[in-house]
1. Inspect region 359-368 for any residue being surrounded by 17 or more Cβ atoms within 10 Å (Cβ to Cβ), in contact (Cβ under 8 Å) with a residue 60 or more places away in the chain, closer than 24 Å to Pro460 by Cα and not aliphatic (A, V, I, L, M) and give the result as yes or no.
2. List the number of the failed condition for Glu533; all other conditions in (1) part of a helix (DSSP H, G or I); (2) open to solvent by less than 50 Å² (accessible area, probe 1.4 Å) hold.
3. Given (1) assigned to a helix (DSSP H, G or I); (2) among the aliphatic types (A, V, I, L, M); (3) open to solvent by 10 Å² or more (accessible area, probe 1.4 Å), where does Ala195 come up short, assuming only one miss?
4. Could you go through region 296-312 and let me know if any residue there is assigned to a helix (DSSP H, G or I), within 30 Å of Leu242 (Cα to Cα), modelled with pLDDT of 95 or more and open to solvent by 30 Å² or more (accessible area, probe 1.4 Å).
5. Based on this model, can you work out whether Leu371 counts as assigned to a strand (DSSP E or B), surrounded by fewer than 24 Cβ atoms within 10 Å (Cβ to Cβ), touching a helix residue (DSSP H, G or I) at 6+ places or on another chain (Cβ under 8 Å) and aliphatic (A, V, I, L, M)?
6. Pick from region 462-483 the residues that are hydrophobic (A, V, I, L, M, F, W, C) and part of a loop (DSSP other than H, G, I, E, B): which of them is surrounded by the fewest Cβ atoms within 10 Å (Cβ to Cβ)?
7. State the number of residues belonging to region 1-41 that are within 24 Å of Val165 (Cα to Cα) and at pLDDT 90 or above.
Amino acid sequence: MESGEEFEVLNCTVDAVVYSDEESGYAVLGVTDTDGEKQKIRGTIPFPWPGETLTAYGHWTVHPNYGRQFAVDSAVRGMPEDSRTVFAFLASGGIKGIGPVMAGQIVDQFGSRALQVIEEQPLLLGRIKGIGVGRAEKISKEYRRQAALKRLVLFLHGYDIEPEVAIRVFHLFGDEAQNRLRENPYLLTADGIGASFGAADSLAESLGIAETDPNRIRAGVRFILQHNEKNGHCFIPYEKLLSGTAVQLNLEPEDLSAPLQEMMDEQLLIREQVAGQDACYLPDMYRAECGTAERIARLAQTPVPPVKNLEELVSACEAEQGIRYAEQQREILRCAAESRILAVTGGPGTGKTTSLRGVLKLYERMGLKTLLAAPTGRAAKRMNELTGTEAATIHRLLGARMSETGTEVVFMKNRDDPLSCDAVIVDECSMVDIRLMAALLEALPARARLILVGDAAQLPSVGPGDVFSSILRSEVVPSVMLTEIFRQQQGSRIVRNAHMINHGQTPDFSENSGDFFRLRRLQSETTAETVVELCASRLPQKMNIPPEEIQVLSPSRIGSCGTAELNRLLQAALNPPAPEKPEKVSGEVIFRVGDRMIQTRNDYDILWEGPDGSSGFGIYNGEIGILSEICPDEKTLTVDFDGRKARYDFEDLGDLEHAWALTVHKAQGCEYRAVILALNDSPRRLLTRTVLYTAVTRAKELLILVGNDQTAVRMIGNTVPTRRYNALRVRIREACGK
């Protein structure tokens, strides 16, 4: 509540649920106060019921469209208690199988005890005409489910834990969820639930659980390791894990030694001396790293049958493509023919795409069935456009699904049901993390080949590991680095400046010509204004580049030039409100038909439908589409991902963000006709040479740097590597006897 606002209390009973967002808990309710006056209230009131009582704390406001409302800051809630409020709840349609008429009959029969009867003695409902034993049990089961879920939501809401977390807990533990959490609040941090350690710790403290409780220490260890996975680490050195967990738990390191040893004894924590480190892994991460190393080493050491007339085959591929390969490109085709695994790296304009096409032609002439894949949908689509061959995301290729428990990802393609192919070519490999690489290698047929293509100078994967770089640095996997910039690319300032940046040289940013421009803006606000102007008018009108072919990038999500603020401004300019454009408000975000959206996490279970009647499951992190439909009655909205339409329940909107502006990390693996890079206020850790290089190489025809060019200069000089604790390079070498 803002300073100076009068704090008031409103005691009331809920008459009607005008609006309720299950994802955020935000609701607008019609209520009756203790004086019998009808009022409107709004605020975070998860899962409201008609008939429940509220003691609401907040203040009165006047909405320009909806008039006087009470803005709820917090509320104490009670279940329906008297016959009138119980009838209001039952008649609202909240329980399937009960309408207003039956609600009246139930209340006439049982009065204020009706809900207690439904929950505890459902067979008594048989006294009412039309309710048999089966129907009574269904009504009771549905009410118990709703009541248990509501109690759980209210219980956790008191500790600022989001309703969606409560729903996930309920799906796992059912009616016993609250009892299970009272015994062990740290279940909230388990895989598939995803509450923060801090939230679980607050709940545990309120329940009087000791700081040295073993469940707390185990959860703290997992939290430190999982938190560091998000920073790219596969393991943490033992001493760092010990000290980090001690700080997190406010304990002494000696308090943790015995619990850590117990976790190791139970194989909940793996400790091993590797790569000069006393490394501690979570079990699944250890298996992923070891399995990846073993399979890569096996590929590197397994010979392939010799290819007769290889040079003639390479020359035939040249003739079919109508080009003359450079010597490095010919070397790629030779290695692809003579090796079971090959890594290809190089910057923009060095011929990676031509080489990839050449390998496809070669494998076709060798009679090999080849599958193409990339880490993201956009990268797979680009791969398809450049090669003319169908490409899929790695997740889709492997048939990624959520397990039945909803706690982990499983892949339908694996060692028991491998891919049907003789070779797999993966593009944008710098984006592939250790878990995804492990899954791909497990699904690779025993005699199949693997070609890994990428730019080692780009950002590493968002997920843990530094897979592509580790494979290249192992020096046991055949690899070719493309260094020659081809004549048709030599005139591109995007290509030339990208290579200069990668080599630590500063381009002449004042040279506004060709396909690389700088618009100097020293203030973040003017930078943002210029970005919007470029997208909304200057580029469409002066260069015939429509807004849908422009991508705004920023190093950061936060700040005046971060993606959150830029997306708000760009939505207002490029897709303003209109009567024919339905909207959905979720918290502070407005979803509007016509918005450009990005999926922010892998959703393996969401159904999509194609224009040809095809269908499938899975929309993955980084896929971009257009919001095409909003259905308030069904509480759903639809996003069109390049022809694949996926429908989202309103409670799942946290998986979507606007995508007119993306972070450089999110844009990796994509290529856009025009890129506008906003550079001003970003955290220093994001202002690195690698981030700048990755941003510049996203542009195909035009790159406009808007902001302070001195920021770009500092980024070129910021080469301090962010160390990722992983041992893949060492493990590959050891597996090869090196």
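The values are calculated or read from the model by the stated rules, or taken from the named source; none is laboratory data. Everything numeric here is computed off the predicted structure, so don't read it as measured data. Here the Cβ is made from the backbone with ideal geometry for all residues, glycine too, and neighbour counts use every protein chain on show. The protein model used for the area step is the full one, side chains on, heavy atoms only, and it has no ligands, DNA or RNA in it. Shrake-Rupley method; radii C 1.70, N 1.55, O 1.52, S 1.80 Å.
1. Checked region 359-368: no residue is surrounded by 17 or more Cβ atoms within 10 Å (Cβ to Cβ), in contact (Cβ under 8 Å) with a residue 60 or more places away in the chain, closer than 24 Å to Pro460 by Cα and not aliphatic (A, V, I, L, M).
2. (2)
3. (1)
4. So the first thing to find is which residues in region 296-312 are assigned to a helix (DSSP H, G or I), and the list is 296-301, 310-312.
Subset that is within 30 Å of Leu242 (Cα to Cα): none.
Checked against the condition, which is being assigned to a helix (DSSP H, G or I), within 30 Å of Leu242 (Cα to Cα), modelled with pLDDT of 95 or more and open to solvent by 30 Å² or more (accessible area, probe 1.4 Å), region 296-312 yields no hits at all.
5. Working: assigned to a strand (DSSP E or B): yes; surrounded by fewer than 24 Cβ atoms within 10 Å (Cβ to Cβ): yes; touching a helix residue (DSSP H, G or I) at 6+ places or on another chain (Cβ under 8 Å): yes; aliphatic (A, V, I, L, M): yes.
In short, yes.
6. So in region 462-483, the residues hydrophobic (A, V, I, L, M, F, W, C) come out as 462, 467-468, 471-472, 476-477, 480-482.
Now drop any that are not part of a loop (DSSP other than H, G, I, E, B), which leaves 462, 476-477.
On the way: Val462: 16, Val476: 19, Val477: 22.
The residue in question is Val462.
7. Residues meeting the conditions: 2.
This table checks each residue for (1) basic (Lys, Arg); (2) within 24 Å of Ala572 (Cβ to Cβ); (3) outside any helix (DSSP H, G or I).
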site: Glu657; (1), (2), (3): no, yes, yes
site: Lys666; (1), (2), (3): yes, yes, no
site: Gly669; (1), (2), (3): no, no, yes
site: Val675; (1), (2), (3): no, yes, yes
site: Ala678; (1), (2), (3): no, yes, yes
site: Asp681; (1), (2), (3): no, yes, yes
site: Arg685; (1), (2), (3): yes, no, no
site: Val691; (1), (2), (3): no, no, no
site: Thr694; (1), (2), (3): no, no, no
